[in-house]
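Below is one structure; the comments refer to it alone.
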Amino acid sequence: MIMMYIIVSDSPCPPPGTAPTSAIAAVTDIKGFLVAYFSPKLSGKSPEVFHLETSDTSGYAVDWHAHDCHMLLLPRQGGLFLSTESSQTSHVSRQSFSFVPADFAHATHAAPGREKHMTLYVDPSYVKRQGQMYGYRGFAKQVDRSGIWQGTEALDSILRLHDQLQGSTSAQAFECQLPHLNHLLFEECARVIACQQTRPQPSEHQQQATLVHDIQRYVRENLATELNIESIGHEFHLSRRHLTRIFKAITGETLLDFTNRTRVETAARLVSCTSLSILEVSLAVGLDSPSYLARLFKRYLGLTPSELRKPR
């Protein structure tokens with residue numbers, strides 16, 4: 001039976017450039033690549049071969065660092081931007097996963113908004129031993145390079161099973177099942193890496209489409225705040241000109257139109273399905289003035305909030 005060491009952490013990662021207390025707080029040169037710190041995940045902790053962490057937070061960001069083990073990065077919500085010593089920054093979406101070898105410098109940060117991901121750390125000596133087995137040979141040959149691979153239905157099913165068991169069983173029963181689930185995760189990721197080519201580098205248009213998708217999600221999740229082109233551009237490190245240009249090119253509408261339309265759609269659901277006052281609805285979508293909300297309703301729906309609420 002294969003034993004696994006599981007740690008689930010909901011604490012946010014340290015700010016960029018700051019090593020966690022468990023890391024060796026020093027600037028380290030790995031294969032000539034300067035990293036902020038070396039973060040051990042397995043050595044000296046346990047004889048087990050797996051270490052699992054789950055992050056569910058906003059503003060996730062970890063500066064350049066490396067681990068003493070292989071890393072599988074599996075986004076669950078939102079997206080991550082991954083940079084490694086051998087590649088430029090790439091977007092890792094929920095439909096994909098990434099692999100980073102041991103002692104391989106990398107940096108990670110999330111797109112603005114809520115983000116959740118799982119990270120499975122794997123002992124390199126375990127992979128080397130398993131590489132002697134037929135089922136692992138293809139994977140073992142590729143553990144010296146990083147990459148991003150397309151997820152599979154099987155991988156998605158394992159992740160959904162993880163969530164279902166976590167939400168429907170006792171904590172003790174879930175802990176008993178967790179080692180088996182994480183071994184399944186490793187098995188499926190290893191199979192994909194062994195059989196599938198890495199995901200091709202996306203074109204500029206695809207990168208922009210992914211970025212615009214993240215901007216739209218950020219707008220939907222932050223309607224109650226003050227949203228404008230300057231604040232959104234600041235969150236995504238984009239100039240006003242570049243932000244407005246790529247958003248219009250990808251969606252066919254301006255960012256202001258999208259934001260206002262999303263506010264109206266959300267407000268219309270609140271007016272129709274809740275007993276909130278028009279003022280409360282306005283505040284819920286980031287508008288201080290019910291009269292301005294009424295003007296937006298007229299523009300996008302052809303009627304006012306009060307007319308929408310009237311019984312028919």
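Worth pointing out:
- A simple rule links phi to the HN-Hα coupling: the Karplus curve 6.51 cos²θ - 1.76 cosθ + 1.60 with θ = phi - 60°, which for the range 54-63 gives 10, 10, 9, 7, 10, x, 4, 7, 10, 6 Hz, with x for Gly and Pro.
- Taking a straight Cα-Cα cut-off under 25 Å and skipping sequence neighbours fewer than 8 places away in the same chain, the lysines within cross-link reach of K41 are K31, K116, K128, K141.
- Sorted peptide list for 162-172, 92-102, criterion being average Cβ within 10 angstrom, highest first: 92-102, 162-172
- Ordering of 237-246, 209-218 by burial proxy (mean other Cβ atoms within 10 Å per residue, highest first): 209-218, 237-246
- Taking 0.36 nm per residue of separation and subtracting the current Cα-Cα distance, fully stretching the chain between S231 and A209 would add 5.9 nm.
- Cross-link partners of K310 among aspartates and glutamates, defined as those whose alpha carbon lies under 20 angstrom from its own and excluding same-chain residues fewer than eight positions apart: E265, E280.
- Applying a DSSP loop filter and a limit of 13 other Cβ atoms within 10 Å to the GluC sites (Glu not before Pro) in the range 190-284 leaves E226, E253.
- Nitroxide proxy distance, nm - points 7 Å out along Cα→Cβ at R299 and T251: 1.4
- Candidate aspartates and glutamates - alpha carbon under 17 Å from K248, same-chain residues fewer than 8 apart omitted: E204, D214, E230, D257
- Classified by the C-alpha gyration tensor, the range 136-224 has an oblate form. Its axis ratio a/c, with a ≥ b ≥ c, is 1.5 or above, and a/b does not exceed b/c.
- Ranked by how many other beta carbons lie within 10 Å on average, peptides 103-109, 173-179, 281-287 from highest: 103-109, 281-287, 173-179
FYI, it's all coordinate maths here, none of it is from the lab. As the structure is a computational prediction, the values presented were derived from the model and not from experiment. Backbone-built Cβ (ideal geometry, glycine too); neighbour counts: all protein chains shown.
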